[in-house]
Amino acid sequence: MTSLLPQVALESTVISHGLPFPQNLTLAQEMEAIVRSRGAEPRTVAVLGGELRAGLSDAELLHLATARNVRKVSRRDLPLVVARKLDGATTVATTMWVAHRFGIEVFATGGIGGVHRGNDADISADLQELAQTPVIVVCAGAKAILNLPATLEYLETFGVTVVGFGTDEFPAFYSRSSGLPVDVRCDSGEEVAAIWRAKRRLDLPGGLLVTAPIPAELEIPASEIEPVIEQAVREAEVQGLRSAEVTPFLLTRIAQLTGERSLRANLALLRNNAAIAAQIAVALHGVG
Ligand code: PSU
Ligand code: MN
């Protein structure tokens, strides 16, 4: 394996359902470029014509960024998109699963799913995947559209270590702090790599969640984003949305209500996470 470059997986639901066109396409290309500039190889994950893919051409990225018939593929959707030869964008859970099959250990995304506010039965498949699949997921924490304390409790129950990258607090996506502690702080890719190697030596199953706060200059303080989130969550309830529809609705609605600011914040944290993931992948590669 040492002749291969370090690898970083990237997800595609953020391209198809998380961001508007054309910023989604530019962002996907920028994340790939950032990973490359740090000495790693980007592997954007998707399902195309029923085939699992890790590594896409520019034309394929454009297709995911523009086509309307690209389905959001959670793990439960995998057998049906494969059987029916459909196109699908992979969530965090599905990207982890595909990355692992391709031998990729590090993955950069924006925010993970979690336990929803107001509906404790709506628990993202991302959390179970973190419990089961050995991949390091770099994210900016989770949006406060979720019940963050319940999300962290769930991760603890299932044995998922939560790292704060350069922070002692679990970041809340648009906001750098949530008031909730992480399990351990790391300030370098090497420190994360050391924890990952220890986990492997101990034969512990599952992934590692590395959370990095949004760059300070683009942070939206909790007091400003909170009323918007509450409004979006209420609207989702009124509309009776369920299951996989909830998260894309909330993401779109918050972006509409906050305008360009939340979009700029979202793009900045995604780029930041790509750089950190590459750093971790390079550190892991160094000593095997
Ligand atoms: N949170 C974000 N942006 C996103 C997502 C979550 O801030 O794009 C996407 C990710 O792909 C994540 C998925 O895996 O939503 C979670 O959806 P659900 O809650 O339906 O599991
Ligand atoms: Mn959900």
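The values are calculated or read from the model by the stated rules, or taken from the named source; none is laboratory data. Remember, it's a predicted structure, so these values are computed and weren't measured experimentally. Cβ: placed from backbone, ideal geometry, glycine included. Neighbour counts: every protein chain shown. Accessible surface areas use protein heavy atoms only, side chains included; no ligands, DNA or RNA. Shrake-Rupley method; radii C 1.70, N 1.55, O 1.52, S 1.80 Å.
What about residue 49, is it away from ligand 2 (no atom under 16 Å from the Cβ) and surrounded by 23 or more Cβ atoms within 10 Å (Cβ to Cβ)? In short, no. Counting only residues that are in contact with an Asp or Glu (Cβ under 6 Å, 6 or more places away or on another chain) and over 16 Å from residue 60 (Cα atoms), segment 1-47 holds 2 of them. Here is a list of conditions, (1) modelled with pLDDT under 95; (2) in contact with a Ser or Thr (Cβ under 9 Å, 6 or more places away or on another chain); (3) open to solvent by 10 Å² or more (accessible area, probe 1.4 Å), and residue 118 meets all of them except one; can you say which number that is? Condition not satisfied by residue 118: (2).
Condition first: surrounded by 22 or more Cβ atoms within 10 Å (Cβ to Cβ) and either within 16 Å of ligand 2 (Cβ to nearest atom) or assigned to a helix (DSSP H, G or I) (or both). Now tell me which residues in segment 84-109 satisfy that.
89, 90, 91, 92, 93, 94, 95, 96, 98, 99, 109
Here the condition is being surrounded by 14 or more Cβ atoms within 10 Å (Cβ to Cβ), of a type in the set (Gly, Ala, Ser), part of a helix (DSSP H, G or I) and in contact (Cβ under 8 Å) with a residue 60 or more places away in the chain; of 268, 274, it holds for 274 alone.
Given the options 241, 204, name the one that is more than 18 Å from the chain's Cα centre (by Cα), within 12 Å of ligand 1 (Cβ to nearest atom) and either at pLDDT 95 or above or not in a helix (DSSP H, G or I) (or both).
The match here is 241.
Residues of segment 249-266 that are within 20 Å of the chain's Cα centre (by Cα) and either acidic (Asp, Glu) or under 11 Å from residue 145 (Cβ atoms) (or both): 249, 250, 251, 253, 254.
Taking segment 15-33 on its own, how many of its residues are part of a loop (DSSP other than H, G, I, E, B) and among the small types (Gly, Ala, Ser)?
Of the residues in segment 15-33, the ones part of a loop (DSSP other than H, G, I, E, B) are 19-22.
Pick out the ones that are also among the small types (Gly, Ala, Ser) and you get none.
So the count comes out to 0.
Of the residues making up segment 181-225, those that are within 18 Å of residue 158 (Cβ to Cβ), surrounded by 16 or more Cβ atoms within 10 Å (Cβ to Cβ) and in contact with a helix residue (DSSP H, G or I) (Cβ under 7 Å, 6 or more places away or on another chain) number 6.
Picking from residues in segment 41-69 that are out of contact with any helix residue (DSSP H, G or I) (no Cβ under 9 Å at 6 or more places or on another chain) and in a helix (DSSP H, G or I), the one that is nearest to residue 22 (Cα to Cα) is 63.
Can we say residue 233 is within 16 Å of ligand 2 (Cβ to nearest atom), among the β-branched types (Val, Ile, Thr) and more than 24 Å from residue 137 (Cα to Cα)?
Values: within 16 Å of ligand 2 (Cβ to nearest atom): yes; among the β-branched types (Val, Ile, Thr): yes; more than 24 Å from residue 137 (Cα to Cα): yes.
For residue 233, the condition - within 16 Å of ligand 2 (Cβ to nearest atom), among the β-branched types (Val, Ile, Thr) and more than 24 Å from residue 137 (Cα to Cα) - is met.
Only one residue in 40, 9, 33 is among the hydrophobic types (A, V, I, L, M, F, W, C), open to solvent by less than 10 Å² (accessible area, probe 1.4 Å) and more than 17 Å from the chain's Cα centre (by Cα). Which one? Lay out the reasoning, then the answer.
On the way: 9 fails: more than 17 Å from the chain's Cα centre (by Cα); 33 fails: open to solvent by less than 10 Å² (accessible area, probe 1.4 Å).
Of 40, 9, 33, the one residue that is among the hydrophobic types (A, V, I, L, M, F, W, C), open to solvent by less than 10 Å² (accessible area, probe 1.4 Å) and more than 17 Å from the chain's Cα centre (by Cα) is 40.
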